[in-house]
Amino acid sequence: MSLLRIKEIATSTFDTIKNIFAFRHILFQLVVREIKGRFVGSIGGLLWHFINPILTLIIYLFVFVYVFKLRVGTSGGAGASAVYIMAGLFPWMIIAEGLLRGTSSMIENAALIQKTYFPTEILAAKAVVAPFLSYGVAILLFTIYICLSHGFLMLVFILPFILMLQLFFTLGVSLLSATLSVFFRDVMQLMNIIITFWIYVTPILYPASMLPEWAKNFMYVNPLYPFMSIYQSLFLSGTLGNWHMLLLAALWSAAFFVTGAFVFNKLKYEFADWL
């Protein structure tokens, strides 16, 4: 790779971060409007935003913990299994919603992109940040409960860093998929299929120890695996577990963000013509 291309990639990455930071006030307003606007006119209002994930969580816990008798951790109790599932499921909900909305962010705002000149990466960022704020309350309450009941104070220091890595990972994938969806509308349907399968091929609802040996090796090419492994270790034992997972999560995050930012900045000036 030539030095010119490396400089171009670095510039694209820096410009994306700079534009999002420079327009952070607009981003915040868009995120707030996004969250409030989903349930305008409904009787439950914003309450539905919390009811949906809670019901989903209850269903998964009932099926996997009480029906399939999933047991993890040294105690092997239902409580540890419930913590294991929640530790992976809350971050997964953030990623899934961010990717789905991020992929369609350019298409849904076609009129705005065609009529107004502004950093369009703000639209992808809005789609990714909104779930972080929505489900952030659940993660915060879950973290407080684990810290108070188990004394895992390391969570307070490590969790924000892992969530930041997840934010850059999700934003990078969303920038890439949002760009591709402008030119190939089938990408939005493909993302729905990927999300449907991704939760089952990642050890979120079951421990990685249940996988056969050949499948365990494939987990290292699954970008979600290190993130989920870290969350599960933090909430179950209060430690990172395998430090290699942190490095792997950082590498996946950097790789997707740099790639997504480069492709997005390379093609974003053509969006208005294709939309």
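The values are calculated or read from the model by the stated rules, or taken from the named source; none is laboratory data. Fair warning: this is a prediction, and the values are worked out from it, not measured in the lab. Neighbour counts are summed over all protein chains in view; Cβ atoms, including those assigned to glycine, are modelled from backbone coordinates with ideal geometry.
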Taking the range 220-242 as the search range and keeping residues that are in contact with a Phe, Trp or Tyr (Cβ under 6 Å, 6 or more places away or on another chain) and modelled with pLDDT of 90 or more, which one is nearest to Leu61 (Cα to Cα)? Gln232
Which pairs have Cβ atoms under 6 Å, sit 6 or more apart or on different chains, and link a residue in the range 14-28 that is touching a residue at least 40 places away in the same chain (Cβ under 8 Å) and surrounded by 14 or more Cβ atoms within 10 Å (Cβ to Cβ) to one that is among the acidic types (Asp, Glu) and assigned to a helix (DSSP H, G or I)? Thr16/Glu121; Asn19/Glu121
Could you list, in sequence order, all residues of the range 181-231 that are of a type in the set (Lys, Arg) and not in a helix (DSSP H, G or I)? Arg185
Counted residues in the range 49-82 being of a type outside the set (Val, Ile, Thr) and either part of a helix (DSSP H, G or I) or modelled with pLDDT of 90 or more (or both) come to 16
Scan the range 239-268 and report the pairs whose first residue is touching a residue at least 40 places away in the same chain (Cβ under 8 Å) and whose second residue is part of a loop (DSSP other than H, G, I, E, B) and among the β-branched types (Val, Ile, Thr), with Cβ atoms within less than 9 Å and a gap of 6+ or a chain change. Phe264/Thr120; Lys268/Thr120
Between Tyr135, Tyr60, Tyr117, Tyr66, which is farther than 21 Å from Leu167 by Cα and either surrounded by 13 or more Cβ atoms within 10 Å (Cβ to Cβ) or polar (S, T, N, Q) (or both)? Tyr60
Residue satisfying condition, being part of a helix (DSSP H, G or I), over 20 Å from the mean Cα position of the chain (by Cα) and either closer than 26 Å to Met210 by Cβ or among the hydrophobic types (A, V, I, L, M, F, W, C) (or both), within set Ile95, Ile85, Ile139, Ile146: Ile146
Residue check, Ile204 surrounded by 12 or more Cβ atoms within 10 Å (Cβ to Cβ), under 16 Å from the mean Cα position of the chain (by Cα) and aliphatic (A, V, I, L, M): yes
